[in-house]
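In what follows, a single structure is set out as structure tokens and then discussed.
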Amino acid sequence: DRSETDPDLRLALPAPAVPLTREFGSIEMFGGVVEGVNLQEAENFCANLEIPNSVTGRAAWRLPTIAEIEQLGLAFRGPGPFHTQDGPVYSAGNLPSVEGVPGNPIWEPAADTDETDPLAARCVRSI
């Protein structure tokens, strides 16, 4: 409990900027995840995504394909299920580790879900 006479808290250094997107080869991924949305809501979220202070702003954000999720590897986190252009998917585990480096997730169709179910979604765009 802080009283009025306690000094204000101060950070020794300013907090570093957190990037909102990351590039992986020919794919740029938005770092946020929208949760509890059906397929139409997920597609609308991505289509209307606008990154502040970005040169490109709102430009061609969309749901990823399964192939793109696999290309993103460990950066595309979460067990899911997630909406994709190819239908709902979930992480069914990881490939074996190699020399201490965790293996990429294995993404499989989420057979017990459909486009009306509230799932998670991430947005990507081609660069």
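Counting Lys and Arg as +1 and Asp and Glu as -1, what is the net charge of the other residues whose Cβ lies under 10 Å from the Cβ of Pro118?
-3
Roughly how much of Ile27 is accessible, in Å² to the nearest 10, using a 1.4 Å probe?
0
What's the extension gain from Ala47 to Ser26 if we count 0.36 nm per residue and subtract their Cα-Cα distance?
5.7 nm
If you roll a 1.4 angstrom probe over the protein chains with everything in place, what fraction of the accessible area of the chain belongs to carbon and sulfur, to the nearest %? Present the calculation step by step, with values, prior to reporting the outcome.
Details: 4450 of 8400 Å².
With neighbouring chains kept in place, the figure for the chain is 53 percent.
I'm spelling it out carefully: the read-out is log10 I(q)/I(0) by the Debye sum over Cα atoms at q = 0.14 Å⁻¹, the candidates are [x] -0.57; [y] -0.67; [z] -0.74, and one was derived from this structure. Which label?
So the structure-derived entry is [y].
Could you work out the helix-only [θ] at 222 nm for the chain, with each DSSP H run of four or more residues adding -39,500 (n - 2.57) and the total divided by the number of residues, to the nearest 500 deg cm²/dmol?
Working: 2 runs with 16 residues, N = 127.
So the calculated ellipticity at 222 nm is -3500 deg cm²/dmol.
So what J values fall out for region 110-124 if you push phi through Karplus, 6.51 cos²θ - 1.76 cosθ + 1.60 with θ = phi - 60°, rounded to Hz, Gly and Pro as x?
Here the 3J(HN,Hα) series is 8, 4, 8, 10, 9, 5, 8, 6, x, 10, 8, 8, 10, 10, 9 Hz.
Let me have the relative contact order for region 1-119, percent, based on Cα pairs under 8 Å that are six or more residues apart. Before the final figure, lay out the partial values.
On the way: 143 pairs, mean separation 25.3, N = 119.
Reported relative contact order: 21 percent.
Expected output is a single nm value to one decimal: the length gained when fully extending between Asn94 and Ala12, i.e. 0.36 nm times separation in residues minus the C-alpha distance. What is it?
Value of the extension gain: 25.6 nm.
According to a simple spin-label model (label point 7 Å from Cα along Cα-to-Cβ), what is the distance in nm between Ala111 and Ala60?
In this crude spin-label approximation the distance works out to 3.6 nm.
Between Trp107 and residues 5 or more places away or on another chain, which pairs have amide H atoms under 5 Å apart, with H built 1.01 Å from N, and which residues are they?
Residues meeting the amide H criterion: Ala92.
The values are calculated or read from the model by the stated rules, or taken from the named source; none is laboratory data. Nothing here was measured: the structure is a model prediction, and the numbers come from that model. In this analysis, Cβ positions are derived from the backbone assuming ideal geometry, glycine residues included, and neighbour counts consider all displayed protein chains. These area figures cover heavy atoms from the full protein model, side chains too; ligands, DNA and RNA do not enter into them. Shrake-Rupley method; radii C 1.70, N 1.55, O 1.52, S 1.80 Å.
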